[in-house]
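Read the structure below first, then the notes.
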Amino acid sequence: MNVLYLSRSNSGKPHPFIEEQTTALVNSYDVNAQHFFIKKGGISGYVKAIRQLYALLRRENSIDIIHVHYGLWGLVAVISKIAAHNKAKVVITFHGSDINKRTERPLSQLAARFSAHNILVSEKMLKYIHERFSLIPCGIDTDVELNHREVTRKEYGWGDNNFVVLFSSSFERSVKDPGFAFKVIAALEASSSKSIEFVELKGYNRNQLTRLMQAADALIMCSEREGSPQIVKEAVLNALPVVSNDVGDVKSICRNVDNCYIVDKEVSEYVKCLTSISLHPVRVRNRAPVLERFDNKVIAKRVFSIYNHVLGRMPLVTT
């Protein structure tokens, strides 16, 4: 089965969660993977991408599936496929803002109408897509050793009096509400005897992120919008306590997981949880619910079932 994965990337490489899902599919099933990247946004970027994908689809008739990651870019695949008279089936994974963001929702829903199947990563998306869909969150690579904490803290120069808090993303991403996070940290610094280190998650590769999460003491999320945030799954995987507002599927991800705090989006609520963690250091002990639900091997099985289903080869596997 030949699958073309379409996503946005300026680096020429897929985002880690796309790459890891693709690798799980290639390693476990008869999937030959190829990537196509949209390198620039805006109308001119999309027109260029349509032209390039059209040319590719005219040359190659062996592509069975075009799997698009992000709803807005589904139109690139749909338009290119129709114009090229290509037989490939379009599958779209919707990740959050493509459906939750009001300005992008109509175009994403239009793309969904022309796709063979739609994958929703969050239960909160169900009210927007009503046909040919499956609810499948993005998975994580669960093969991680929990033995990096002490050595990584020494490498960063963090001692017992350093309380290390990770922000869920880059400080530049306004949808993650870094302004609120800085208010939380300022209030924590004013009330704590600890030396607070506040670190944005930007520019780290997978190995560096794993080590950093095991070295840190807590992760905070305060986003305005989310789908099924990978960063929370990664935090639990690395036994890192989480403090978050009830956004996207965070509550569902953290169900039955200890030391994951879902709080009202109030500075005082965040500070209360972080203060407790700083005074009585804890790690996530019960990682099993996340490991069992979000292992990439489990997710790959369901995605591969969708591929076979839209190609008319077998019934859809729902679990």
> Looking only at residues in the range 173-191 that are in contact (Cβ under 8 Å) with a residue 40 or more places away in the chain and touching a strand residue (DSSP E or B) at 6+ places or on another chain (Cβ under 7 Å), which one is farthest from VAL271 (Cα to Cα)?
Replying inline: ALA181
>> Suppose the filter is more than 30 Å from ASN207 (Cα to Cα) and either in a helix (DSSP H, G or I) or in contact with a Pro (Cβ under 8 Å, 6 or more places away or on another chain) (or both); does TYR307 pass it?
In response: yes
>> Cβ-Cβ under 6 Å, sequence separation 6+ or interchain: first residue in the range 13-30 and within 22 Å of LYS202 (Cβ to Cβ), partner surrounded by fewer than 16 Cβ atoms within 10 Å (Cβ to Cβ). Which pairs?
In response: PRO16/ARG206
>> I'd like the residue in the range 148-172 that is assigned to a loop (DSSP other than H, G, I, E, B) and in contact (Cβ under 8 Å) with a residue 12 or more places away in the chain and, out of all such residues, is farthest from the chain's Cα centre (by Cα).
In response: ASN161
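Within the range 208-220, identify whether any single residue is part of a helix (DSSP H, G or I), farther than 30 Å from THR93 by Cβ and in the same structural domain as GLU266 (by TED's automatic domain parsing), and answer yes or no. Write out each step before concluding.
From the range 208-220, those part of a helix (DSSP H, G or I) are 208-215; that's our starting set.
Those left that are additionally farther than 30 Å from THR93 by Cβ: 215.
Going one step further and asking which of them are in the same structural domain as GLU266 (by TED's automatic domain parsing), we end up with 215.
So far as the range 208-220 goes, yes, one or more of its residues are part of a helix (DSSP H, G or I), farther than 30 Å from THR93 by Cβ and in the same structural domain as GLU266 (by TED's automatic domain parsing).
Return the only residue of VAL290, VAL232, VAL298 being closer than 23 Å to ILE119 by Cβ, assigned to a helix (DSSP H, G or I) and in contact with a Gly (Cβ under 7 Å, 6 or more places away or on another chain). Working first, answer last.
On the way: VAL290 fails: in contact with a Gly (Cβ under 7 Å, 6 or more places away or on another chain); VAL232 fails: in contact with a Gly (Cβ under 7 Å, 6 or more places away or on another chain).
Unique residue meeting the criteria: VAL298.
Provide a single number: the residues in the range 192-234 that are of a type in the set (Gly, Ala, Ser), closer than 24 Å to ILE299 by Cα and without any contact (Cβ under 8 Å) to a residue 60 or more places away in the chain.
Step one: filter the range 192-234 for residues of a type in the set (Gly, Ala, Ser), giving 192-193, 195, 203, 215-216, 218, 223, 227-228.
Now narrow it down to the ones that are closer than 24 Å to ILE299 by Cα: 227-228.
Next cut, without any contact (Cβ under 8 Å) to a residue 60 or more places away in the chain only: none.
Here the count works out to 0.
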> In the range 296-319, which residue that is of a type in the set (D, E, K, R) and within 19 Å of PHE17 (Cα to Cα) is surrounded by the fewest Cβ atoms within 10 Å (Cβ to Cβ)?
Replying inline: LYS297
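The values are calculated or read from the model by the stated rules, or taken from the named source; none is laboratory data. Bear in mind the structure is a predicted one, so any value in this text is a computation, not a measurement. Because the Cβ atoms are built from the backbone with ideal geometry, glycine has one as well, and the counts that use them run over all protein chains shown.
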